[in-house]
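The values are calculated or read from the model by the stated rules, or taken from the named source; none is laboratory data. All values reported here derive from a predicted model rather than from experimental measurement. Glycine gets a Cβ as well: all are built from the backbone with ideal geometry, and neighbour counts include every protein chain shown.
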Amino acid sequence: MKLHTINTGFFKLDGGAMFGVVPKTMWQKLVPPDENNLCTWAMRCLLIEDGKKLTLIDNGIGDKQDDKFLSHYHLHGDDTLDKSLAKLGFSRADITDVFLTHLHFDHCGGSIIREGEKLKPAFENANYWSNEQHWQWAIAPNDREKASFLKENILPIQESGQLNFVETQDGVDFTDNVRIRFAFGHTDAMMLPQIQYKGRTIVYMADLLPSAAHLPLPYVMAYDMFPLQTLHEKKAFLEEALAGDYILYFEHDALNECATLQQTDKGIRVKETFKLSEL
């Protein structure tokens, strides 16, 4: 089995929204904002090459939205999903499975492409994986979260016949080397792949820990539906990850791809950062 980082570019989000109740005087030391209070974030996906299976975890924002929508997020950088796959000798047609941690637009927007007036799966030969609990949450969204669930990203997956559900049970196996953790604070039933690789445990953090800057327990995004739940989930996960010497793989950290943890007098913090390719 091989793991490959798939960079799909950068976008910007409001720094205050990304750090919730934490004052700007504190978070700006970790992630400096621009003159409009916007911070740069990655959309870093992961490719699992395992025998005949080629599984892509999340797929970025995509490019089918109109210019007005995309202008809010200031997309930048040279990386795209297709370029990153091509560097490894792959194309979208080679992907056998698309694992969606959750259905917010910056995680699943690349699932569907627009051809003329038609919306169709970007990965024509792939099974798409979600879970029924999160799917139902996404297709009938609450008023606070509905701007993150775009029907054009979601419904065509089901209409294509390529949608599959995993069991909503913490620790359920996805493959021999990948099991699924569930988290319920950011959104309902978000899935975090936990991967056994080269004798190490790697967890794809999605939006439980979007970046290394979010390790302090109170640093919870204002985007989270249930912030106290996130707080409890972070605390339990960080203690487990520290004890197990896990590697955290960050989806949104613009600078740090992977990190290990250490105990400090301020709590659990980053020990080392590195690229996945350095393992």
Inset, instruction - Test each condition in (1) closer than 23 Å to Trp41 by Cβ; (2) not in a helix (DSSP H, G or I) for Ser277 and report the one that comes out false. - result: (2)
Inset, instruction - Could you grab me the full set of residues in the range 134-180 that are among the small types (Gly, Ala, Ser), in a loop (DSSP other than H, G, I, E, B), on the phi < 0 side of the Ramachandran plot and exposed (fewer than 14 other Cβ atoms within 10 Å of the Cβ)? - result: Ala140
Inset, instruction - Determine the pairs where a residue that is on the phi > 0 side of the Ramachandran plot, located within the range 200-214, has a partner that is among the polar types (S, T, N, Q) and surrounded by 24 or more Cβ atoms within 10 Å (Cβ to Cβ) with Cβ atoms under 6 Å apart, the partner being 6 or more residues away or on another chain. - result: Ala206/Thr101
Inset, instruction - Tally the residues that are part of a loop (DSSP other than H, G, I, E, B) and closer than 20 Å to Gln136 by Cα, restricting the search to the range 181-207. - result: 8
Inset, instruction - Kindly list the number of the only condition in (1) farther than 28 Å from Ile268 by Cβ; (2) assigned to a helix (DSSP H, G or I); (3) not basic (Lys, Arg) that fails for Leu228. - result: (1)
Inset, instruction - Please go through the range 231-273 and pick out each residue that is of a type outside the set (D, E, K, R) and either assigned to a helix (DSSP H, G or I) or at positive phi (or both). - result: Leu231, His232, Ala236, Phe237, Leu238, Ala241, Leu242, Ala243, Gly244, Gly267
Inset, instruction - Keeping to the range 51-67, report how many residues are assigned to a strand (DSSP E or B) and surrounded by fewer than 18 Cβ atoms within 10 Å (Cβ to Cβ). - result: 1
Inset, instruction - Search the range 63-77 for residues that are more than 15 Å from Gly109 (Cβ to Cβ) and small (Gly, Ala, Ser) and pair each with any residue that is modelled with pLDDT under 95 and surrounded by 11 or more Cβ atoms within 10 Å (Cβ to Cβ) when their beta-carbon atoms are under 9 Å apart and the residues are at least 6 apart or on different chains. - result: none
Inset, instruction - Can you give me the ranges of the strands (runs of 3 or more DSSP E) entirely in the range 80-124 with at least 2 residues that are closer than 14 Å to Leu155 by Cα and among the basic types (Lys, Arg)? - result: 118-121
Legend entry - Selection from the range 6-20 of residues that are of a type in the set (S, T, N, Q) and in contact with a Gly (Cβ under 7 Å, 6 or more places away or on another chain): Thr8
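Answer yes or no: is there a residue in the range 14-27 that is part of a strand (DSSP E or B), at pLDDT 95 or above and under 24 Å from Phe174 (Cα atoms). Outline the logic, then answer.
Here is the first cut: in the range 14-27, the ones part of a strand (DSSP E or B) are 14.
Filter once more, so that each one left must be at pLDDT 95 or above: 14.
Cutting the leftovers down to under 24 Å from Phe174 (Cα atoms) gives us none.
Scanning the range 14-27, I find no residue that is part of a strand (DSSP E or B), at pLDDT 95 or above and under 24 Å from Phe174 (Cα atoms), so the answer is no.
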Legend entry - Filter pass, Ala42 being assigned to a helix (DSSP H, G or I) and modelled with pLDDT of 95 or more: no
Inset, instruction - Output the qualifying pairs, or none if there are none: Cβ atoms under 6 angstrom, residues six or more apart or on different chains, first residue in the range 15-36 and over 21 Å from Arg269 (Cα atoms), second residue aliphatic (A, V, I, L, M). - result: Ala17/Ala222
Legend entry - Failed criterion for Val203 (all others in (1) more than 18 Å from the chain's Cα centre (by Cα); (2) surrounded by 19 or more Cβ atoms within 10 Å (Cβ to Cβ); (3) of a type in the set (A, V, I, L, M) hold): (1)
Inset, instruction - Go through the residues of the range 48-55 one by one and say whether even a single one is within 16 Å of Ala206 (Cβ to Cβ) and within 13 Å of the chain's Cα centre (by Cα). - result: no
Inset, instruction - Any residue in the range 142-158 that's under 12 Å from Cys108 (Cβ atoms): show its pairings with residues that are polar (S, T, N, Q) and assigned to a helix (DSSP H, G or I) at Cβ separation under 7 Å, as long as the two are six or more apart or on different chains. - result: Asn153/Ser111; Ile157/Ser111
Inset, instruction - Return yes when Leu70 is among the hydrophobic types (A, V, I, L, M, F, W, C), farther than 24 Å from Leu276 by Cα, assigned to a helix (DSSP H, G or I) and over 12 Å from the mean Cα position of the chain (by Cα) and no when it is not. - result: yes
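For (1) buried (at least 16 other Cβ atoms within 10 Å of the Cβ); (2) of a type outside the set (Ser, Thr, Tyr); (3) under 24 Å from Arg144 (Cβ atoms); (4) in contact with a Pro (Cβ under 7 Å, 6 or more places away or on another chain), each residue gets a yes or a no:
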| site | (1), (2), (3), (4) |
| --- | --- |
| Leu215 | yes, yes, no, no |
| Ala236 | no, yes, no, no |
| Ile247 | yes, yes, no, no |
| Glu251 | yes, yes, yes, yes |
| Leu261 | yes, yes, no, no |
